[in-house]
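Novice: Sharing a structure below in structure tokens format, with a few things to ask.
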Amino acid sequence: MVEFGKKLKGKQIQEWQGYYINYKLMKKKVKQYANEIEAGALDSQHVLKDFSRMLDNQVLLKKIVLFLLEQQGMLASRIAQLNEQPEYLQEQPDISKISELRESYREVGRELLKLLFFVEINAIGLRKILKKFDKRFGYRFTDYYVKTRANHPYSQLQQVFKHVGLGAVVGAISRNLAVLQDRQGSYLSIYDQPALPLQDPVVDSIRSAVDKLTHSTNFLNFLGQHALIMQEELPTSSEEHVDDEKYHFMSLLLNLANTFLYMVNTYIVVPTADDYSMSLGAAATVCGIVIGAMAVAQIFSSVYFSAWSNKSYFKPLIFSSIILFVGNVMYALAYDLNSISILLIGRLCCGFGSARAINRRYISDCVPLKIRMQASAGFVSASALGMACGPAFAGLLQTNFKLYKITFNQVTLPGWVMALAWLVYLMWLWISFREPARESEVNHVQQESTGVENDKLENGLAQPLILTSNENEQDDEGDQEFDGSEEAPEESHLPANSLGSAYRLLTPSVKVQLLIYFMLKYAMEILLSESSVITTYYFGWTTSTVSIFLACLWLTVLPVNIVVGSYISNMFEDRKILLASEIAVLLGILFSFHIIIPYSVPQYVVSGLVMFVSAEVLEGVNLSLLSRVMSSRLSRGTYNGGLLSTEAGTLARVIADGTITLAGYLGQEKLLNTTLLPSLVICIGSIVATCCTFNDLY
């Protein structure tokens, strides 16, 4: 794998070499500041002013921005000259001259791509020096500098971050190429047919580049980061081509269907697990073990499925479908066999069939960068939809009959329905899934790459403007990478090869965020898993009523993420939303306790809704932060960041379900407060930890 710095240096446009940000000079300046402060020659205020002035004047104004404006003007002049020719061609159409003119516009488009890539390279360098300054001096200078410069009307930074003026050039090229398309004798303007698709590949490339440069916090990005599918910085053109070779839409759809079905399978038993336990002679609170058995097995299945995905995707998905089919059949037959052991073994089998590690890994490895965020958002949406549909389906399966001595009722039908669903899925998988080519099979693609400049530019722009998956690498390593120093960094760039080595890569702030993830999953599992027992004991709710309540909770997931991703995250810093969400979860837990007054439906529903919605907001913001600060070494390999977050969340669910069963020995009247108490303690602990590391969260 080529190091980030070498990729970056190799992608710089040689004839513009003198106009790039001088990262090495600014790095020396930062070291000089540190030495002078240590010697007492400078104070911090002088350093902040001097560093800001250097960025504003010497780097941004004199080098990058003026050169950018000059190049924009040259492109605009070329477009103006080309615009004079269409009038002549309208009167005397000439196919050869029209083709020549279109090629001239395409050439301008390719020059525009070079300019867009120039902006991206300098934005990366600016980001890295700002981060280095913050880490060296402990300031929050990055937030201050970007916020004050990016939105100020007189700031040159708008040219870098918001590429002001380039939009007009993009529009002119797109419009003129559209005008020159063959319109079959039509005299309509393109403005009369705004929906007409533009087929020219140069226009598509420019639009893709602009989309990446305008990458900011929005709903799709926010939702996609729930999946914690990490991406590496600046892929080479050959790597992007390999992504295209691997991509198969139907295979992606099958992965998303697997995600949906597994989440349905997990939560379809929640409304009836207590009734099933009692019908087999166990206590109602044994539902905690019944529900949690899947999570116990998933702790182990996540590891071996993640390792298996290094060799194949098709075979583990086949295995997953078969074992889920068997597990659900065992779950359904346990009623007629009158065996709680068969019931638990069936749920364990379902957990061993959890292929969520495969689903995440497939999106990370086999989906092109240009649609990876959409695929990640699809993964999260499929999960949320499955969580909502599971309890809803359980509420619909209210029947009771026998067929060949096999009972079909509200407690066994979830097993039979899911067994049938997995059988259908298995046949669909066998027919439609296409195993992506492994690295050894596609190396020839890399060797045959000609390195055409236009391809490099188009593919180099396939990443966001401000790249963030490398945030917590060592400063010196990042310096060597960017300035192309020959001295090799001490830290290996290989992926972690064990859970222990992956854990050692975690910084204190990342550990705090994993603790937050553990806390919110624990609180949510307590609320969901004991809902049937609690509502039956206090309110006498039926299975259908519990199902509606749970389905309504899960249906809030996407609307809440739309509001947070599109609005709230644009108004407040992520770390502030994180802390506010933790406090809201704490309030929901506190309001859920049954202390003196009679426990009422409004108290339970409102407190549950506050806790659940706050936990959903917290999950999105937490994983968004986590994806930005986790080491890039955890973006690939078996023991990746997605696996760590999955293990943390699964462990929380296991402990929560175990807590419900153990608390059941104290009696149902004490179940609610006993299970809420650990949630309260963990939540307070996570808030304290967040406050202690608040300044380290970006």
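The values are calculated or read from the model by the stated rules, or taken from the named source; none is laboratory data. Worth saying up front: this structure is predicted, and the values here are computed from it rather than measured. When we count neighbours, we look across all protein chains shown, and the Cβ atoms used for this are built from the backbone with ideal geometry, even at glycine. To get the accessible areas, we keep the full protein, side chains included, count just its heavy atoms, and leave off ligands, DNA and RNA. Shrake-Rupley method; radii C 1.70, N 1.55, O 1.52, S 1.80 Å.
Novice: Just for helices (runs of 4 or more DSSP H) wholly inside segment 517-612: which have at least 1 residues that are modelled with pLDDT of 90 or more, closer than 20 Å to E669 by Cα and open to solvent by less than 10 Å² (accessible area, probe 1.4 Å)?
Specialist: Per the criteria, 531-539, 574-592.
Novice: Let me ask you something else. How do the pairs read when you match residues in segment 32-46 that are of a type outside the set (D, E) and modelled with pLDDT of 75 or more with residues anywhere that are outside any helix (DSSP H, G or I) and open to solvent by 80 Å² or more (accessible area, probe 1.4 Å), using Cβ under 9 Å and keeping only pairs 6 or more apart or on different chains?
Specialist: I37/D43
Novice: What is the one condition in (1) of a type in the set (G, A, S); (2) more than 25 Å from C552 (Cα to Cα); (3) open to solvent by less than 30 Å² (accessible area, probe 1.4 Å) that S279 does not satisfy?
Specialist: So S279 meets the others, but not (3).
Novice: Still on this structure: Checking E616 against (1) within 17 Å of E525 (Cβ to Cβ); (2) not in a helix (DSSP H, G or I); (3) not hydrophobic (A, V, I, L, M, F, W, C), only one condition comes out false. Which one?
Specialist: Of (1) within 17 Å of E525 (Cβ to Cβ); (2) not in a helix (DSSP H, G or I); (3) not hydrophobic (A, V, I, L, M, F, W, C), only one is false for E616: (2).
Novice: Here is a further query. Give the residue, chosen from K62, K49, that is among the charged types (D, E, K, R), open to solvent by 60 Å² or more (accessible area, probe 1.4 Å), closer than 29 Å to I124 by Cβ and modelled with pLDDT of 75 or more.
Specialist: Sole residue among the options that is among the charged types (D, E, K, R), open to solvent by 60 Å² or more (accessible area, probe 1.4 Å), closer than 29 Å to I124 by Cβ and modelled with pLDDT of 75 or more: K49.
Novice: For segment 1-31, enumerate the residues that are at pLDDT below 70 and open to solvent by 60 Å² or more (accessible area, probe 1.4 Å).
Specialist: M1, V2, K6, K9
Here is a yes/no grid of residues against (1) under 21 Å from M294 (Cα atoms); (2) modelled with pLDDT of 85 or more; (3) in a helix (DSSP H, G or I):
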| site | (1), (2), (3) |
| --- | --- |
| L644 | yes, no, yes |
| T650 | yes, yes, yes |
| G658 | yes, yes, yes |
| L677 | no, yes, yes |
| L680 | no, yes, yes |
| N695 | no, no, yes |
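Novice: Assess whether K147 counts as being at pLDDT 75 or above, open to solvent by 20 Å² or more (accessible area, probe 1.4 Å) and either assigned to a loop (DSSP other than H, G, I, E, B) or within 30 Å of I37 (Cβ to Cβ) (or both).
Specialist: no
Novice: So, one more: Can you name every residue in segment 312-324 that is open to solvent by 10 Å² or more (accessible area, probe 1.4 Å) and closer than 17 Å to T259 by Cβ?
Specialist: Once the filter is applied, which keeps residues that are open to solvent by 10 Å² or more (accessible area, probe 1.4 Å) and closer than 17 Å to T259 by Cβ, segment 312-324 yields F314, I318, F319, I323.
Novice: To continue, here is another question. Could you please find all residues in segment 663-673 being surrounded by fewer than 17 Cβ atoms within 10 Å (Cβ to Cβ) and at pLDDT 90 or above?
Specialist: Residue satisfying the conditions is N673 alone.
Novice: On the basis of being without any contact (Cβ under 8 Å) to a residue 12 or more places away in the chain and open to solvent by 50 Å² or more (accessible area, probe 1.4 Å), does Y335 make the cut?
Specialist: In short, no.
Novice: Hand me the list of helices (runs of 4 or more DSSP H) wholly inside segment 295-369 holding 2 or more residues that are among the aliphatic types (A, V, I, L, M) and within 17 Å of L643 (Cβ to Cβ). Quick ask: steps written out before the conclusion?
Specialist: Numbers: elements: 314-337, 340-352, 356-366.
Of the helices (runs of 4 or more DSSP H) lying wholly inside segment 295-369, those with at least 2 residues that are among the aliphatic types (A, V, I, L, M) and within 17 Å of L643 (Cβ to Cβ) span 356-366.
Novice: Go through segment 660-683 and give me each residue that's more than 27 Å from the chain's Cα centre (by Cα) and under 23 Å from I583 (Cβ atoms).
Specialist: L672, N673, T675, L676, L677, P678, L680, V681
Novice: Would you kindly identify the helices (runs of 4 or more DSSP H) lying entirely within segment 223-284 that contain at least 1 residues that are modelled with pLDDT under 85 and out of contact with any Pro (no Cβ under 9 Å at 6 or more places or on another chain)? Step through it out loud before you land on a result.
Specialist: Values: elements: 237-246, 249-267, 273-279.
It comes to 237-246.
Residue by residue, here is whether (1) buried (at least 21 other Cβ atoms within 10 Å of the Cβ); (2) at pLDDT 90 or above; (3) not in a helix (DSSP H, G or I) holds:
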| position | (1), (2), (3) |
| --- | --- |
| Q398 | no, no, yes |
| K402 | no, no, yes |
| V417 | no, yes, no |
| W422 | yes, yes, no |
| W428 | no, yes, no |
| I431 | no, yes, no |
| E435 | no, no, yes |
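Novice: Open to solvent by less than 10 Å² (accessible area, probe 1.4 Å) and modelled with pLDDT under 85: is that true of A377 in this structure? Spell out how you get there, then give the answer.
Specialist: On the way: open to solvent by less than 10 Å² (accessible area, probe 1.4 Å): yes; modelled with pLDDT under 85: yes.
When the stated conditions are applied, A377 passes them.
Novice: Tell me which residues, restricted to segment 338-358, are within 32 Å of the chain's Cα centre (by Cα) and open to solvent by 10 Å² or more (accessible area, probe 1.4 Å).
Specialist: Answer for segment 338-358, where residues must be within 32 Å of the chain's Cα centre (by Cα) and open to solvent by 10 Å² or more (accessible area, probe 1.4 Å): L348, C349, F352, R356, A357.
Novice: Starting from segment 396-412, keep only residues that are over 19 Å from S277 (Cα atoms), then list their pairs with residues that are of a type in the set (A, V, I, L, M, F, W, C) whose Cβ atoms are within a distance under 6 Å, requiring at least 6 positions of separation or different chains.
Specialist: Listed by first residue and then by second, the contacts come to F401/F408.
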